[in-house]
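One structure below.
Any read-out appearing in this document is the output of simple, stated calculations on the displayed coordinates, not a laboratory observation. Fair warning: this is a prediction, and the values are worked out from it, not measured in the lab. We place every Cβ from the backbone using ideal geometry, glycine too, and count neighbours over all the protein chains shown.
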């Protein structure tokens, strides 16, 4: 008898919960439709805003590109790169120096080029400013894809590429040279740009056995580095806006389809 009373109490509670306080299917659909419409308005505003900002950025990007760059793309590259004029490796044979480049997405490269005794193998670079501040790249071990070297006789030739991709790497076309060990630059190129007027700015190549070799960063190199950093900042922002714009466009397509489906369902209910 007691168990029957408990069963009846539970049944009455369930009936009460499913009563007039619970939203109907029609109400739930109307609420969802309103939610979709609100989201659609937000995404349309995002699309419009990113279109506007990208348009305003283009003149700045074109101005930055005009500061002495040449565009290069080989058969091995997914993307092209903007390289400062005067930093062509073929024009700087048999010397140790820093060079740089930036790709179409704004991902920068700081390249430590070395020529000297084969006992010295570069895997890290430290930049020292005359105000006592310094910054050191991350370590890139030999033969990992971005630390390329070869020996001819007693001379060691090497090019170590330190990259900065920021937050624009994921989901984008992969370029092995740029993306391997992404952000190994550790802010070094930006540091050089901040100290573009420092006449005593120095680079110290650090070898795998801890030895160091100083490499001068002259005024032309500092200016080219600063211009590359500036172009990289603009291109990365443009890329970020492109991604946001594309995402908003895809969301708009989805929301428009869902709204149309819900409206059809409402018309069917009213018939």
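Values for this structure:
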{"quantity": "Cα centroid of the stretch 32-105 to Cα centroid of the stretch 193-271, whole Å", "calculated": "8"}
{"quantity": "Segment residue 254-residue 48, extension gain: residue separation times 0.36 nm, minus the distance between their alpha carbons", "calculated": "72.4 nm"}
{"quantity": "Counting DSSP beta bridges with both ends in the stretch 70-242, the antiparallel % (nearest 5)", "calculated": "100"}
{"quantity": "Per-pair calculated FRET efficiency, R0 = 45 Å: residue 267 and residue 138 via Cβ, rounded to 0.05", "calculated": "0.15"}
{"quantity": "Alpha-carbon Rg with Dmax, taken over the stretch 70-242, Å", "calculated": "15.3, 50"}
{"quantity": "Convex hull volume per residue for the stretch 94-156, taking Cα atoms only, in Å³", "calculated": "127"}
{"quantity": "100, 115 arranged by Cβ crowding within 10 Å, fewest neighbours leading", "calculated": "115, 100"}
